[in-house]
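Quick note: the coordinates plus some simple rules give every number you see, no bench work behind them. What you see is a predicted model; the values in this text were computed from it and never measured. All Cβ positions, glycine included, derive from the backbone under ideal geometry; neighbour counts span all protein chains shown.
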Amino acid sequence: MSLVERVRLVLGIAIAGIGLWAGLVQAAEVKLELKGGGFEITGDLKVYDGKKYIVESPVFGLMTIDSNRFDCVSTNCPTAPTVNPEFIGSPQAPLGNLGTTSWMGGSGIGTNFMPELVKSYASTRGFTVRQTIGTDNRDLIFTLEDKAGKEVGTFNVMRRGVSQGYRDLIDDKVELVWTSARMTDAQQTEFTAAGGGQMRVDGNEHVFALDSMVALVSPDNPAVSISIDNLAAIYAGRITDWAQLGLPPGKINVYAPVDGMGLLMHFNNTILSPRGLTLTPDAFRLGTVVEWSDKVALDPNGISFNFIGYIRNAKALNISTDCGLITRPTYFSAKTEEFPLSRRLYLYTNGRPKSLLGRELLNHALSPEIQSVLKAANFVDQEPELLGFKEQGARIAYALNAAAEDFDIEAMRSLITDIAPAERLSTTLRFVVGSFTLDPKALQDVQRLAQLLQKPEFKNRQVMLLGFADAVGGYPSNLKLSQSRAKAVEAALRNSGYSGAITKGYSELAPVACNDTPENREFNRRVEVWIK
């Protein structure tokens, strides 16, 4: 997270009437420094009234900054209050047009979330929304109007796919691409070769929600857990009877979405294709998200899969692993990203959006206000949750049984002593491989965490930041790395206005995933947040 974002949270800087002008004019760039040093904000000065500066920051657009807390230290600093015709009028009522922003991606998020995003944004600004279909019926056009019925902006939702979106992002035909999968190495290479920048970095890569796929059976089915390998074998037709899994015999009835559905593509990409498998032709194919859950709920011999928000009357199975770890399919495990079938949902920008509307919509998509919208759209929101130690006792038992090259029983006892009287926050910070550098999502999470911990209900509680590593390398070096990760989070929180957390490192103890693949090891490079 950038310095501007950190300062915004530390000092409670309010976003001022963003979108107040009809076409930007060239303004003087100023540097504002926190009195006593330590923080700086650079942006285009719009207004200085003697008490506050209004600047357009590179990240958040228009901001109001208290001059009692900041000094202007650049050569373009105003020596007297200024008047800018762009800001004449009420700071709550936009003047002119916010512009047009076009975003592109797949049909699922484009259909289920983007309309709710713009409606939620409009409600905060006092706008009404008029929706139409574009000349290409994959395009949704949202026209924003003020209270007087005047058009103030246009949001184009183009459900044409992620690959096309990346090409159009380079050509400035769209300002943002949404996707349910992180940009791959191959996509980044192609993007860079075509003239684009680095995308998997803070400022260009934005995690706006989480999701988790789950395996479903009937409540009458005795199955409790399943491995991903066995799930794949069932869907490939290699396991056809429940007896092959040690359960009462019965032909397995496989339910799956019809071709072209995003859920099926995700299942193929993450479950079948990596194992060189394809979907069995014997599967019962269903066309709606409700059917994928409801049909199997009525079939004791059936199995299906769906996203966690659509379990409905079915039973979701735990996921077991060869190394002894078993993970329950809960919203908490999805938020910690420790359920093996969880995933992040991304927004990609090539720099900040050029249009004011694009910047405002992006800010809103990452704001606390959007979390209830995500829940309503059956995604996993990022609002932190607390879970007691007792509810995680099974996790500790599995961790004690997990294979490890090095295991320190005394350190494990110390860990249990630390967390037994505490509750764990779902916020879990992860890192770049082999380092204590927070990944882009963790940079966002630190800000949400700092805001949460400054609430009154946490005032007299002890915050513990517990660092962990994967099993690559020796125990002593991993211990040092885990300690450094905890301290890195503590420093980021301190820069964001919260201090007082204690830090500890526990090397490769208590893994939340097997250490057998690069993807699994990434889950183990983490800092957990526990509250006493």
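Given a cut-off of 26 Å, name the pairs among Lys375/Lys459; Lys51/Lys441; Lys375/Lys455 whose C-alpha atoms lie farther apart than that in the structure shown. Beyond 26 Å between Cα atoms: Lys375/Lys459; Lys51/Lys441. Given their separation in residues at 0.36 nm each and the Cα-Cα distance between them, Arg461 and Glu410 gain 15.8 nm when the chain is fully extended. In plain terms, the residue of Val177, Val129 with the fewest other Cβ atoms within 10 Å comes first and the most crowded comes last, giving Val129, Val177. Label separation (Arg494 vs Phe284): 6.0 nm, computed from points 7 Å beyond Cα along the C-beta direction.
Calculate the FRET efficiency for Thr437 and Lys51 from the Cβ-Cβ distance with a Förster distance of 45 Å, rounded to the nearest 0.05. For R0 = 45 Å, the calculated efficiency reads 0.70. From least to most packed, judged by other beta carbons within 10 angstrom and beginning with the fewest, Glu519, Glu175, Glu56 follow the order Glu519, Glu56, Glu175.
For the chain, a crude dipole built from +1 on the beta carbon of Lys and Arg and -1 on the beta carbon of Asp and Glu, taken about the Cα centre, is about 800 debye to the nearest 20. In order along segment 362-372, phi translates into HN-Hα couplings of 5, 4, 5, 5, 9, 8, x, 5, 7, 5, 5 Hz, rounded to whole numbers, per the Karplus curve 6.51 cos²θ - 1.76 cosθ + 1.60 with θ = phi - 60° and x for Gly and Pro. Taking one equal scatterer on every alpha-carbon of segment 384-531, how large is log10 of I(q)/I(0) by Debye at q = 0.08, 0.13, 0.20 1/Å? Values returned for q = 0.08, 0.13, 0.20 Å⁻¹ are -0.20, -0.53, -1.29.
For every other residue with a beta carbon closer than 12 angstrom to the beta carbon of Leu117, add +1 if it is Lys or Arg and -1 if Asp or Glu, then tell me the sum. Let's see the in-between values first.
Numbers: positive: Lys119; negative: Glu116, Glu360, Glu369.
Charge balance in the 12 Å sphere: -2.
Gain on full extension, evaluated as 0.36 nm per residue between Arg275 and Asp171 minus their Cα-Cα distance, stands at 33.8 nm.
Assuming a ≥ b ≥ c are the square roots of the Cα gyration tensor eigenvalues, decide whether segment 212-334 counts as rounded (a/c under 1.5), prolate (otherwise, with a/b larger than b/c) or oblate. Can you show the working numbers first?
On the way: a/c = 1.10, a/b = 1.07, b/c = 1.03.
Rounded.
From the alpha carbon gyration tensor of the chain, can you work out the equivalent ellipsoid semi-axes (sqrt of 5 times each eigenvalue) and give them in Å, largest to smallest? Don't jump to the answer; show the numbers that get you there.
On the way: eigenvalues 360, 195, 72 Å².
Square roots of five times the eigenvalues give 42, 31, 19 Å.
Using a simple spin-label model with pseudo-atoms 7 Å out from Cα toward Cβ, Asp259 and Leu245 lie 2.7 nm apart. The residue list Ser218, Pro81, Thr132 was ranked by how far each Cα lies along the charge dipole of segment 74-224 toward its positive end, using unit charges on Cβ atoms, and Thr132 comes out on top. One decimal place: the segment Ser74-Ser484 gains 144.0 nm when fully extended, by the rule 0.36 nm per residue minus the C-alpha distance.
If packing is taken as the average number of other Cβ atoms within 10 Å across a peptide's residues, how do 418-430, 326-338 rank, most packed first?
On the way: 418-430: 19.5, 326-338: 21.3.
Result, highest mean first: 326-338, 418-430.
When only the Cβ of Lys, Arg, Asp and Glu is charged (+1, +1, -1, -1), the dipole of segment 212-334 relative to its Cα centre reaches about 120 debye.
Positive end of the charge dipole of the chain (Lys, Arg +1 and Asp, Glu -1 on Cβ, about the Cα centre): tell me which of Tyr121, Gly250, His266 has its Cα farthest that way. With unit charges placed on the Cβ atoms, the residue in question is Tyr121.
The residue among Phe431, Ser372, Gly276 whose Cα reaches farthest toward the positive pole of the charge dipole of the chain, with charges on the beta-carbon of Lys, Arg, Asp and Glu, is Ser372.
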